[in-house]
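Contents: one structure, followed by commentary.
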Amino acid sequence: MTTSLRNSPGRRPAKEPATAGPTALRQRLTELRGPAVAARPLDARALAALAANPGCRRRALLDGAGVDKAALAQALGTPAAFGQSQFAIARGNAFEARVKADGGAELVRLLRAALPAEEAAEPPESVGAPDLSAAGPEGRTARTALALRDATAAGRWTVLDHPLLALTVAGTPAYLEPDAVVVHPDGTWTVVEIKSFAMIDGSADAAKAGAAARQAAVYALALETVADRLPGPAPEGGRVRHRALLVCPKDFSNLPAGALLDLRKQRATTRRQLGRLTRVEEIAAALPPGTTFDPDRPAAELTAAVEAVDAAYAPDCLAACELAFHCRDRAREAGEVGHLGRAVRSGLGGLTTVGEVLAAAQGQDASDDPAVAALRRAAALRAEALACAGGQRPGSGAACR
């Protein structure tokens, strides 16, 4: 999206690089995903994955254009092998309904129990639960902003059930729907994440809790854009609290339990990484004319379209992106070191392929790169260890250890 410039009378505007207008960009993105294909909305899970891998222009474009990556992967012959069962979804919905019973009173109780005693306000006589229904995503985001403003001014406990928030990412708007947002009597806001995985003895699985924190951080960033438009001074420390409430089933029951997630690191990291994303219109402008990701197109045409956009594959993508199996196959075919993991890729410096790594280890690379020197040393130690294991003296004449 472009930003309009307001110029003073008689002053010539500075020349800016040409960018696509909102209408032209929407039309271009429609062509990319296919005219008959409905756009897939960006959600917090997708944004958290984008923030974890901001160098992947392929995912940035496909998510920004609303391409159905699962259908695209199916058409390419590398379907994604993950997803939730209908039983798990139904169980999660039932648990969420239980948590939000009594107009949000149970949710406020869980939050007050998780807060330190000095931060927990008096228990409410009643909890506000405004109606957030409106027409279209723009209407719902405006209704959410109005409800947040009114609840903040009222100075009472209020629970917003599935509010809709907007966040601009790589030049395109994303509409996000957290499970709930709680407004405190002091005018601060807490993001609520309700998950169906268990919390055993007060602790949840570290990997799952970390994923929930990354999603909550995305919601917190979207709430900050609403808070910035509110009149009056913000409370000390900001309007959006840096701790989110995670609600999970307690032990092996269906009773809810709450715990606080510190979002400060995730918020800072996500803000920085999302800011690094290349704008979608810039990536789209570099594609060959007629490029489309319509799943109804022939597989060869789709493969060429996907390969026209650079990817940054890492094993972590397997749990977060529907195209990960396709990208993994291509990375292996090209011998890219990235398919061995981000730590390996960063540790090898300028060596980007397995062939370059092997050549450096065998002494065929005469550069003074630290990674090359480390590989030569590792190859020498390996040869020494193999020689000693075979009962031979190392070639250097050194004694076996």
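Here are a few things to note about the model shown:
- When Asp131, Asp102 are checked against the criterion of being at positive phi and surrounded by fewer than 15 Cβ atoms within 10 Å (Cβ to Cβ), Asp102 stands alone in meeting it.
- Filtered residues of region 138-164 (kept if in contact with a strand residue (DSSP E or B) (Cβ under 8 Å, 6 or more places away or on another chain) and outside any helix (DSSP H, G or I)): Arg156, Trp157, Thr158, Val159, Leu160, Asp161, His162, Pro163, Leu164
- Considering only residues in region 257-280 that are assigned to a strand (DSSP E or B) and open to solvent by less than 60 Å² (accessible area, probe 1.4 Å), the one that is farthest from Leu111 (Cα to Cα) turns out to be Leu261.
- Residue identified as modelled with pLDDT of 90 or more and part of a helix (DSSP H, G or I) among Val357, Val372, Val306, Val344: Val306
- Meets criteria (over 13 Å from Ala73 (Cα atoms), over 21 Å from the mean Cα position of the chain (by Cα), among the hydrophobic types (A, V, I, L, M, F, W, C) and open to solvent by 50 Å² or more (accessible area, probe 1.4 Å)) for Val344: yes
- Residues satisfying the stated conditions in region 105-119, i.e. among the aliphatic types (A, V, I, L, M) and surrounded by 14 or more Cβ atoms within 10 Å (Cβ to Cβ): Ala105, Leu107, Val108, Leu110, Leu111, Ala114, Leu115
- Ala234 falls short on exactly one of the conditions (1) in a helix (DSSP H, G or I); (2) more than 20 Å from the chain's Cα centre (by Cα), and that condition is (1).
- Of all residues in region 320-340, those that are open to solvent by 40 Å² or more (accessible area, probe 1.4 Å), under 16 Å from Asp63 (Cα atoms) and part of a helix (DSSP H, G or I) total 0.
- When residues of region 160-172 are limited to those that are open to solvent by less than 10 Å² (accessible area, probe 1.4 Å) and either closer than 13 Å to Val127 by Cβ or not β-branched (Val, Ile, Thr) (or both), the one modelled with the lowest pLDDT: Gly171
- In the set Pro185, Pro178, only one residue is touching a residue at least 24 places away in the same chain (Cβ under 8 Å) and open to solvent by less than 40 Å² (accessible area, probe 1.4 Å); that residue is Pro178.
- Cβ-Cβ distances below 6 Å connect the following pairs, each with a first residue in region 207-224 that is polar (S, T, N, Q), a second residue that is open to solvent by less than 20 Å² (accessible area, probe 1.4 Å), and a separation of six or more residues or different chains: Gln215/Ala44; Gln215/Ala48.
- Among the residues making up region 95-119, those that are farther than 16 Å from Leu261 by Cα and either free of Cβ contacts under 8 Å to residues at least 40 places away in the same chain or in contact with a His (Cβ under 6 Å, 6 or more places away or on another chain) (or both) are Ala97, Ala101, Asp102, Ala105, Arg109, Ala117, Glu118.
The values are calculated or read from the model by the stated rules, or taken from the named source; none is laboratory data. Every value quoted in this text rests on a predicted model; they were computed, and no experiment measured them. Counting neighbours? That spans all protein chains shown, and the Cβs are built from the backbone with ideal geometry, glycine included. The area values use the complete protein model at the heavy-atom level, side chains included, leaving out ligands, DNA and RNA. Shrake-Rupley method; radii C 1.70, N 1.55, O 1.52, S 1.80 Å.
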